[in-house]
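Asker: I'd like to ask you about the structure that follows.
Where a number appears in this text, it was derived from the coordinates with a stated rule and is not lab data. Since the model is a prediction, treat every value here as computed from it, not as a measurement. Don't worry about glycine lacking a Cβ; one is built from the backbone with ideal geometry, like all the others, and counts go over all protein chains shown.
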Amino acid sequence: MSIDAVAAPAWILVVDDDLVTRFLVSEALKQAGFCVEQVENGRQALAACERIDFDLITLDVMMPELDGFATCAELRRRPKGVQVPILMMTGLDDYESINHAFKVGATDFITKPINIILLEYRVRYLLRTSAAMVSLYDSERRLATAQRIARLGHWDWSQGQACLHLSREVCEMLGLDPQAPEVPFRVILERVHEKDRKILAQWFEEIWQGGGQARAIRHRLVDAGGGVRHVQQQIEIVLDASGRPDHLYGTLQDVTDLHQAEERIWQLAFTDSLTRLPNRELFKDRLDTAIKLAKRHDRQLALLFLDLDNFKRINDTLGHNVGDHLLQATAERLKSSIRANDSVSWNKAEEPDESIARLGGDEFTVLLPEIQRSEDAANVAERIQVSLSRPLALDGHEIIVTPSIGIAVFPQDGETSETLLKSADMAMYSAKHQGRNLYRFYNAVLNEAAHKRLTMETQLRKAIERNELSLYYQPQLDLPSGRICGVEALARWTNDLLGTVPPVEFISLAEETGLIVPIGEWILRTACRQAKAWGCGCGVDPIPMRIAVNISVLQFVQPGFTGLVAQILEETGLEPVALELEITESLLLKDPEGALRTLWALKNLGVQLAIDDFGTGYSSLSRLKQLPLNRLKIDKGFVSEVDSQPNDAAIATAVIAMAESMGLRVIAEGVESEAQFQFLKAKHCDEIQGYYLSRPLPAAEITTMLHQRLTPHGDDG
């Protein structure tokens, strides 16, 4: 069947509070042959669904009053919304948000910014799938139940049916009403423990697709009181004439007592009796599994090997009782350190605690199953050092113990559990030999990378006092007049030890370490001082232009930020209107009310405000209208292909039109070609910035340019 084999015209409801997104999605779906109704919030969506039986709904997540999650949940509670496919559109791509979307009933999701071509195919696929499911509802059959199995609950499920028929025993296990035995599969899945839910759903999906085998499977159920019960399912598959699965019979047995007995045996065999952590055998098995997954997905993992410094002396001096308590406290502190870490990704099927083991004596290991870079492992090691080095009161003694940590990274330090453990062990002994209470990478290259980051941070902390930072300025051109209307201040760093450090490296490091606050203050003060010099001199009357300064989120939320801006303006004598502060849309997400108050306070000072990289964040139109903005800055990601990509051209055009209707000016950044320049000029964009005009220049060259009243190309405009 072709992808277009979907009955048309289908009715689609587009729900999005962002005018640009709603317009683009609606127009794309109309051009694809669908009938489209569009609304701007969840309440309007609920009302529209009472009037019209929609075939599919596209639903934005971030909306005021009633967000997409709440709207989806309410639709699923209503008769007309139970089966309709709901495609959630979101800029949130983290696991928790995606999991929440499916939990409230979403059929699928697509991330923003929307790929229009992919959207059409996704919609057609969902409509086709929905039509196939509806056509199969009338074919439901029930077969005789497995009465021969004593004291077991049973169920049956026909191909194409949304509901299973449950016996009284199964209803009681699931905490459902036995008087209503027809239960949707999604309702049953909600009773399954969240860590087993995905595996169980995939198993059933494979069976219906003809690839699954009839077998027993164990999983957990959560009852109404929050208690966990262990059950075993056994399934029999009935095939139709073509050999495809047509009907499923299943039995469900409560095996909680059996599981508890097995668990006790397992703990004796595979856990350390003192700390309750996995022992060497279990950890090696988990490390083998993690290595297989890392190979399959082409990713890195890290292994930390820890040894407590001077543990033997403490054990011999204070006794084995204190030594045992110290090992137990170490295990708990390790768990806390790993749980608190946010730089490592964990397998969704396991807890971070399960990646810690006691190999014996005072040796512990920590498995980091997915890291993006070697520094992630170093961050965890540093956190462990801080945690374990805190004084500990045990049996009337205050004990301070420190760890020596060796780090090995897959695949470069070993491709088997044996070699990786050996590499980490060697690195740990290297840390001990170099002074204890240290961490060391096995690989010399990784050691160098971690050392480089530490060196860069150390040097960056001294950059301001050493006068190593400088500002370059990139001109901004007013398109109607062809004259320079402003410059953007951009930081540069040259260090005697490191040389010229790319901004992308030191700015991100500054934000991670909090150094962006003092560095940002230096940038703001220096830029204002330079702008004042330009406005006053060069032998000509003052030039009416502004200077734009980027403000980080951390800088913006500092107490007294508005006062700092006012103080710098007073110190430098710069007119407030000559200063433009550029903020990003992400600044509005955490505390929109607080951000709004600060923005209005800055506006009342007289400074100009701009949204930088507009179109890459999650601002809604309603929120945007509340902001005291002067300018929108179109992200260079959209500008770079306006002359070749219809989507980018449409977005840029829509942003320019929207800004004009709101009385805002628009500046396009990243303009690098004549074609981009001509496109933006034709669309009546107000201002542009980019290498097509000029690279960032030192202040002296900008001064010459302003003195000669030249455009960046050197003509008189």
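Asker: Could you list 422, 112 in order of exposure, starting from the residue whose Cβ has the fewest other Cβ atoms within 10 Å?
Answerer: 422, 112
Asker: Would you calculate a helix-derived [θ] at 222 nm for the chain, using -39,500 (n - 2.57) for each DSSP H run of n ≥ 4 and dividing by the full residue count, to the nearest 500?
Answerer: After summing the helix terms and dividing by the residues of the chain, the value is -13500 deg cm²/dmol.
Asker: Looking at the range 140-260, I'd like the Rg to Rh ratio, where Rg is from alpha-carbon atoms and Rh is Kirkwood's inverse mean 1/r.
Answerer: Ratio of gyration radius to Kirkwood radius: 0.94.
Asker: Using the Cα centre of the chain as origin and beta-carbon charges of +1 (Lys, Arg) and -1 (Asp, Glu), tell me which of 459, 484, 569 is placed farthest towards the positive end of the dipole.
Answerer: 459
Asker: Report the full-extension gain for the segment residue 209 to residue 533: residue separation times 0.36 nm, less the Cα-Cα distance, to one decimal in nm.
Answerer: Extra length available between residue 209 and residue 533 comes to 109.4 nm.
Asker: Do me a favour and compute the ellipsoid semi-axes for the range 11-136 from its Cα gyration tensor, root of five times each eigenvalue, largest one first, whole Å.
Answerer: So the equivalent ellipsoid measures 18, 17, 15 Å along its semi-axes.
Asker: With each label point set 7 Å from Cα along the Cα-Cβ vector, what nm distance links residue 567 and residue 288?
Answerer: 6.3
Asker: Report the normalised scattering of the range 271-456 as log10 I(q)/I(0) at q = 0.09, 0.17 Å⁻¹, calculated by the Debye formula with identical scatterers on the alpha carbons.
Answerer: -0.29, -1.06
Asker: Quote to one decimal, in nm, the extra length available between residue 274 and residue 121 on full extension: 0.36 nm per residue of separation minus the C-alpha distance between them.
Answerer: Length gained, residue 274 through residue 121: 49.4 nm.
Asker: Which percent of Cα pairs goes in each bin when the distances of the range 462-707 are cut into 5 angstrom slices starting at zero?
Answerer: Each 5 Å bin holds this share of Cα pairs: 1, 6, 13, 18, 19, 18, 14, 8, 3, 0, 0.
Asker: Find the Cα radius of gyration of the chain, compare it with 2.2 N^0.38 Å by division, and give the number to two decimals.
Answerer: So the Cα radius of gyration is 1.18 times the expected 2.2 N^0.38 Å.
Asker: Report the full-extension gain for the segment residue 492 to residue 682: residue separation times 0.36 nm, less the Cα-Cα distance, to one decimal in nm. Show your work: numbers first, answer last.
Answerer: Numbers: separation 190, 0.36 × 190 = 68.40 nm, distance 3.43 nm.
Using 0.36 nm per residue and subtracting the Cα-Cα distance, I get 65.0 nm.
Asker: Highest first, please rank the peptides 489-498, 549-558 by the mean number of other Cβ atoms sitting within 10 Å of their residues.
Answerer: 549-558, 489-498
Asker: Tell me which lysines have Cα within less than 19 Å of residue 198's Cα, excluding those fewer than 8 residues away on the same chain?
Answerer: List returned: 103, 348.
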